[in-house]
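The values are calculated or read from the model by the stated rules, or taken from the named source; none is laboratory data. The model shown is predicted, which means the values in this text are computed figures rather than measured ones. As a convention, Cβ positions derive from the backbone with ideal geometry for all residues, glycine included, and neighbour counts pool all protein chains shown.
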Amino acid sequence: MSAAITLADAIAALVGEKRAVGYKYDAEQRVLARFEAFSRDEFPELDTLTEASVSAWITAARGRGVKPATLQGLAAPTRELARWLGRRNVAAYLLPRAALPRAVRYVPYIYTDAELAALFTQTDCCHYCSEVPLRHLVMPVLFRTIYACGLRCSEARLLRADDVDINTGVLQIRDAKGGKDRQVPVSETLRNRLANYHAQVAGQPSWREWFFPGAKCDQPLTLGNVYHNFRRFLWQAGISHGGPGHGPRVHDLRHTMAVNNLRSWFAQEREVGALLPVLQAYLGHSSIADTSYYLHLTAESYPDITARVQQVIGDVVPPVLVGGA
C-alpha cells in the first residue's frame with residue numbers, strides 16, 4: 001500500500017462504500033477496527049493483510065475458544081478488506097473459506113399447535129413483578145406479536161409507540177436486517193389486543209417512547225429480559241429446552257409462523273408459489289430464496305403435504321442445468 005493510505009484509511013473507505021450502497025456495516029466495522037488494532041500491535045510496519053497477520057488474528061480468536069460461527073464472523077470482514085485492496089492493485093492475503101470450519105447450521109424448531117397454545121397460556125399467567133412492574137402486561141402481547149407477525153425479536157422489542165398504528169393495525173418496522181424498513185399489517189384479533197395493551201401501557205405519557213418498555217420505562221426490553229422470561233414460559237408450558245445454542249428459541253416463533261402460514265395456504269389449495277413474494281415482503285427477506293427455505297421446513301414438519309410442497313419447489317426453484325450456459 002502506498003504511504004498515502006494506511007490500513008485504517010482503507011477500512012474507513014471500505015466502510016464508507018458499504019454504507020453508501022445501503023449496508024449498515026456496523027458489526028463489520030467493529031471487527032475491522034479490532035483487526036487494525038491487532039495488526040498495529042503485532043505487525044507495526046504492516047499496512048496490508050498478509051498470511052502471517054491474518055493467521056495470527058485467527059489463531060488469537062481460537063485461543064479464546066470462540067465458536068465456528070464467531071470465527072467466520074471475524075474472518076469475513078477481513079476477506080472483504082482483502083478484496084477491496086486487491087481491486088486497487090494492493091497485494092493482500094485472502095483467507096480461503098476452506099481454512100475455517102463451517103458453522104453447524106441451527107435446525108429451526110417448529111412448535112406444534114398444542115405447544116403454541118401452552119406457551120401463550122403461560123404468558124397470560126405472568127405475574128406482576130415489582131422490579132419489572134409492566135412485565136405481566138408486556139409479555140402476553142410481546143410474544144403473540146412476534147409469532148403472529150413473524151417478527152425478529154429485535155424488531156418487536158425495539159418498536160416505538162409511534163410505530164404501532166392502533167387504528168389501521170399496521171406496524172412500522174424500522175432499520176431491520178439489511179437496514180430496510182417495512183410495514184406489517186396485523187390481524188383484527190391482534191389489533192384489538194394491541195389496542196387494549198396500548199390503553200394500559202404504551203399510550204401513557206410516562207411510557208410514550210417504547211411500545212414494550214423494559215425495567216426502566218425510558219428503555220426498551222433487553223434481549224436478556226426477553227430470553228429469561230421466554231425460558232421460564234417454556235418450562236411452565238412443559239416444552240423442553242436443550243440449553244444455549246440448541247433451542248427452542250424465541251426466533252423459532254418466526255419460523256413457525258412462516259411454516260404455519262404455508263400450511264394454511266396448502267390446506268386452502270391456494271397458489272403457494274404465487275404467494276411466496278407476499279410472505280417474503282411480510283418477513284422482510286431480501287430474496288425469494290430465503291422464503292423458499294420455509295417450503296422445505298413445511299415438508300419436514302408436515303410430511304402429509306410433501307408432494308404438494310415438492311410441486312411448488314419445482315415452480316420457484318430453477319433446475320440445475322448440467323453443462324448448460
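Listed values, structure above:
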{"quantity": "Residues of the range 101-136 satisfying the condition of being hydrophobic (A, V, I, L, M, F, W, C), under 22 Å from the mean Cα position of the chain (by Cα) and in a loop (DSSP other than H, G, I, E, B)", "calculated": "ALA103, VAL104, VAL107, ILE110"}
{"quantity": "Considering residues of the range 187-222 that are within 21 Å of the chain's Cα centre (by Cα) and either part of a helix (DSSP H, G or I) or under 22 Å from ASP252 (Cβ atoms) (or both) only, the residue modelled with the highest pLDDT", "calculated": "PHE212"}
{"quantity": "Wholly enclosed helices (runs of 4 or more DSSP H) of the range 223-325 bearing at least 3 residues modelled with pLDDT under 90, not assigned by TED's automatic domain parsing to the domain that holds LYS177 and not aliphatic (A, V, I, L, M)", "calculated": "288-301, 306-316"}
{"quantity": "The listed residue being assigned by TED's automatic domain parsing to the domain that holds ARG231 and either modelled with pLDDT of 95 or more or not small (Gly, Ala, Ser) (or both), out of ASP124, ASP26", "calculated": "ASP124"}
{"quantity": "Cβ pairs under 8 Å, 6+ apart, first in the range 59-77 and more than 20 Å from GLN29 (Cα to Cα), second at pLDDT 90 or above", "calculated": "ARG62/LEU71"}
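Conditions (1) within 20 Å of VAL90 (Cβ to Cβ); (2) in the same structural domain as ALA91 (by TED's automatic domain parsing); (3) of a type in the set (D, E, K, R); (4) touching a helix residue (DSSP H, G or I) at 6+ places or on another chain (Cβ under 7 Å), marked per residue:
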position	(1), (2), (3), (4)
SER39	yes, yes, no, yes
GLU42	yes, yes, yes, yes
LEU49	yes, yes, no, yes
SER55	yes, yes, no, no
THR59	no, yes, no, no
GLY63	no, yes, no, no
VAL66	no, yes, no, no
ALA69	no, yes, no, no
GLN72	no, yes, no, no
